[in-house]
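Report on the following structure.
The values are calculated or read from the model by the stated rules, or taken from the named source; none is laboratory data. Because the structure is a prediction, the values reported are computed rather than measured. Cβ sites come from the backbone with ideal geometry, for glycine too, and all protein chains shown count toward neighbours.
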Amino acid sequence: MSIEPRFKRVLLKLSGEALMGKGSYGIDPETANRVSREIKSAREIGTEVCVVVGGGNIFRGIKGAAEGLDRSTADHMGMLATVMNALALQNALEKVGVDTRVLSAIPMASVSEPYIRRRAIRHLEKGRVVIFAAGTGNPFFTTDTAAALRAAEMNCNALLKGTQVDGVYNADPKKDPTAVRYDRLSYMDVLRQDLKVMDASAISLSRENNIPIVVFSIHAQDELVNVLKGEGTCTIVGED
């Protein structure tokens with residue numbers, strides 16, 4: 001008997017680093033292929049999936065600004081990096097037979113469709129995976145905020161954040177072996193404790209639209225589907 005997924009429509013937020021694999025820069029094809037297989041499995045259990053991917057594996061705007069670039073210029077360069085990641089992920093998804101569209105907040109007619117909300121929703125309704133590129137299209141906003149915004153616009157039931165660890169901890173578990181993982185947190189807990197889940201704008205936007213944030217490890221095998229089935233290890237950020 002098939003298991004009904006916990007969420008009908010989700011937005012998956014991936015950092016650019018999630019596509020690096022064991023490298024220190026760029027896109028690892030095998031990692032992109034594995035992530036694509038996870039997304040395909042999510043589609044196969046009946047969940048509609050849209051994706052926002054960061055660009056930190058190629059260029060990080062805030063780091064560029066710190067090194068002397070104008071912040072607006074640096075952020076736009078970071079947005080272009082997300083387009084490169086989106087195209088790589090689209091290619092990997094199509095290799096495993098998943099119909100995919102890239103919609104960019106910065107118009108690039110040669111390589112992607114422009115972001116139009118109704119068009120994106122129609123793609124999801126047709127069973128396609130939609131990848132949102134170029135963040136919000138505006139400097140000074142992170143791809144976390146773009147993910148929360150697109151999740152609200154697409155009427156998603158949840159925002160899934162695939163990270164390097166299996167949830168939210170009270171300290172960095174890679175540095176502190178005594179770090180404790182939370183099963184559930186409220187939006188206000190995250191803001192009050194300044195937990196590094198997503199930036200404050202993304203948390204506030206999710207709270208205003210009552211979209212739960214599910215934090216899980218993108219590197220654990222089949223964990224995306226496990227979380228969608230209510231079986232995986234994760235932290236859920238929601239109302240009290």
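Pairs are defined by a Cβ separation below 8 Å, a sequence spacing of at least 6 or placement on different chains, a first member in region 197-213 that is free of Cβ contacts under 8 Å to residues at least 12 places away in the same chain, and a second member that is surrounded by 22 or more Cβ atoms within 10 Å (Cβ to Cβ); no pair meets this definition. For region 160-183, the set of residues classified as surrounded by 15 or more Cβ atoms within 10 Å (Cβ to Cβ) and charged (D, E, K, R) consists of 161, 166, 181, listed by residue number. All conditions but one from (1) crowded, with 16+ Cβ neighbours inside 10 Å; (2) more than 24 Å from residue 218 (Cα to Cα) apply to residue 149; the one that does not is (2). Would you mind stating whether residue 186 is surrounded by 15 or more Cβ atoms within 10 Å (Cβ to Cβ), over 19 Å from residue 50 (Cβ atoms) and modelled with pLDDT of 95 or more? Judged against the criteria, residue 186 is not a match. Scoring residue 86 on the criteria (1) crowded, with 18+ Cβ neighbours inside 10 Å; (2) over 14 Å from the mean Cα position of the chain (by Cα); (3) not in a loop (DSSP other than H, G, I, E, B) leaves a single failure, condition (2).
Return yes or no: is residue 62 closer than 21 Å to residue 12 by Cβ and of a type in the set (A, V, I, L, M, F, W, C)? Judged against the criteria, residue 62 is not a match.
Going by the structure shown, is residue 150 assigned to a helix (DSSP H, G or I) and free of Cβ contacts under 8 Å to residues at least 24 places away in the same chain? Taking the combined requirement at face value, the residue does not satisfy it. Looking across region 135-152 at every residue that is within 15 Å of the chain's Cα centre (by Cα) and not small (Gly, Ala, Ser), the one that is nearest to residue 10 (Cα to Cα) is identified as 150. Residue count for region 197-214, restricted to those that are of a type in the set (Asp, Glu), under 14 Å from residue 147 (Cβ atoms) and either at pLDDT 95 or above or assigned to a helix (DSSP H, G or I) (or both): 0.
Residues that are closer than 23 Å to residue 151 by Cβ and touching a Phe, Trp or Tyr at 6+ places or on another chain (Cβ under 9 Å) within region 170-187 comprise just one, 182. Restricting region 177-195 to residues that are under 24 Å from residue 221 (Cα atoms) and free of Cβ contacts under 8 Å to residues at least 12 places away in the same chain, the residue that is farthest from the chain's Cα centre (by Cα) is 177. Determine if region 89-98 includes at least one residue that is part of a helix (DSSP H, G or I), of a type outside the set (Lys, Arg), closer than 26 Å to residue 209 by Cα and at pLDDT 95 or above. The answer is no; no qualifying residue exists. Out of 116, 106, 131, one residue alone is free of Cβ contacts under 8 Å to residues at least 60 places away in the same chain and within 15 Å of residue 50 (Cα to Cα). It is 116. One residue stands out among those in region 161-196 that are part of a strand (DSSP E or B) and aliphatic (A, V, I, L, M): the one that is farthest from residue 236 (Cα to Cα), which is 168. Scanning region 21-66 for residues that are touching an Asp or Glu at 6+ places or on another chain (Cβ under 6 Å), without any contact (Cβ under 8 Å) to a residue 60 or more places away in the chain and either surrounded by 19 or more Cβ atoms within 10 Å (Cβ to Cβ) or part of a helix (DSSP H, G or I) (or both) turns up 56, 57.
Of the residues in region 215-240, how many are assigned to a loop (DSSP other than H, G, I, E, B) and among the aliphatic types (A, V, I, L, M)? So the count comes out to 2.
Among the residues of region 64-83, those that are under 20 Å from the mean Cα position of the chain (by Cα) and either over 14 Å from residue 16 (Cα atoms) or of a type in the set (A, V, I, L, M) (or both) comprise 75, 76, 77, 79, 80, 81, 83.
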